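Data block below; observations after.
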Amino acid sequence: MTYIIENANVLKNNELIRTSLLVNGEKITSVQPSFSKYRYIRMDLKEFIMTPTYVFLLHQLPNQKDGYSKKNDLLQRFLLKGCTTVIAVEKVMYLNELLEKRESIRRFFHHTPMDYVAAVRIPIRLLTVPFIQTCKREKIPAIFVEFQDKRDLYKIPWGWIREALFPYNCPLIPAPAKDEPKLLETWQFVMEKEKIPHITEPLKEGEPIPIDVLKKIGIYPLKGYLQTGGELSYNLFLTDDNQWIVEKGKPITLERSNLVITVHKGEIIRVKNTFFYNPNKGEEIIIHRPSFFQS
């Protein structure tokens, strides 16, 4: 069905942009200030703030012991917070574990409402040409690298790694053993010097992944893109009068308690405290080219 979402206050780059969206099914057909000459059914969202649904990080698959409820876990950790897509990470200690760990991610998210991207976390000693080549073949778009000491970063043959990454160029993401600024400073220095695609800082669980990181991994514009051709997946936050009149440059903070509606691929999955749990809605996102959309 085709319809119009009008007067949408879309939060983008910490600014509210009033716009209208022409929607067909689960896709956004067009985005314009208004569609005054169209006669489709209209949905007025002037009382809400609209954001794309969020992408969160899952550092490790949960241990599914007796009493574990996957449905409740996904609701509490992700859906309740407006997240419909997960970067799911499994730790790999040896090259021959990679395929099985990826399959464990697929098994966990099979028959769930979550979309997901499979990623790996490795000790820095496993950062070798054969491992990179396997990740590239399997379309693993993010590699989290554990390291203990800044000297670890100087033991890697980065020229070979850079060549092995090309042309897929999945970014390396730091996972230092200690929260020390010097470790990240060295990481940034080495990555820039060797021209390795990378993320500057570690990623945190439980909060939306920034759009610049989504671009480097290749998840954006597949997710988080409320523009023409994008997926119709969004959150609506209820607002009070004049609540969103803010000073220019001042961060806009959205309270999770104000999140009232979540739509995933054109389907309402949450209205206030009521969830519609569709176990057939989720799918694996295959990233064919990381950083393709990065400006």
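Note that region 138-145 has calculated 3J(HN,Hα) couplings of 8, 6, 8, x, 8, 10, 8, 10 Hz, one per residue in order, obtained from phi through the Karplus relation 6.51 cos²θ - 1.76 cosθ + 1.60 (θ = phi - 60°); glycine and proline are x. Distant-in-sequence amide contacts of T29, defined by a placed amide H-H separation under 5 Å and a gap of 5 or more residues or a different chain, comprise L22, V23, N24, G229. Other residues within the sphere of radius under 11 Å centred on the Cβ of I211, judged by their own Cβ, net out at +3 (K and R +1, D and E -1). Considering only the other residues whose Cβ falls under 12 Å of the Cβ of G159, what net charge follows from Lys and Arg at +1 and Asp and Glu at -1? Counting the neighbours of G159, the net charge comes to +1.
Largest GNM mean-square fluctuation across N63, N273, N258, computed for the chain with C-alpha springs under 10 Å, falls on N63.
For the chain, the 222 nm mean residue ellipticity estimated from helices alone, with every DSSP H stretch of n ≥ 4 adding -39500 (n - 2.57) and the total spread over all residues, rounds to -5500 deg cm²/dmol.
With all projection directions averaged, the alpha carbon convex hull of the chain covers 17.2 nm². Each Cα pair under 8 Å and six or more residues apart adds its separation to the average, and for region 54-217 the resulting relative contact order is 23 percent. Counting every other Cβ atom within 10 Å of each residue's Cβ, M1, M114, M93 order from fewest to most as M1, M93, M114. Compactness check for region 54-217: Cα Rg over 2.2 N^0.38 Å is 1.05. What the phi angles of region 65-73 give under the Karplus curve with 6.51, -1.76 and 1.60, with θ = phi - 60°, is a coupling list of 7, 4, x, 6, 10, 4, 4, 5, 4 Hz, glycine and proline written as x. Proximity of backbone amide H atoms, modeled 1.01 Å from N, is registered between M114 and G282 at under 5 Å, excluding neighbours fewer than 5 places apart on the same chain. Could you state the number of Å between the C-alpha centres of region 132-198 and region 55-93? Spelled out, the Cα-based centre of one part sits 25 Å from the other.
Taking a ≥ b ≥ c as the square roots of the eigenvalues of the Cα gyration tensor, region 183-236 is classed as oblate, since a/c reaches at least 1.5 and a/b does not exceed b/c.
Which net charge results when you count Lys and Arg as +1 and Asp and Glu as -1 among the other residues whose beta-carbon is under 12 Å from that of L183? Computed value for this residue: -3. Within the listed set P123, P62, P279, the residue fluctuating most in the Gaussian network model of the chain (springs between alpha-carbon atoms under 10 angstrom) is P62. Largest GNM mean-square fluctuation across D66, D115, D149, computed for the chain with C-alpha springs under 10 Å, falls on D66. Put in order of Cβ neighbour count within 10 Å, fewest first, the listed residues F108, F166, F276, F237 become F166, F276, F108, F237.
Here, each number is a calculation from the coordinates, and none is a lab measurement. All values derive from a computational prediction rather than experimental measurement. Note that each Cβ is placed from the backbone with ideal geometry, even for glycine, and that neighbours are counted across all protein chains shown.
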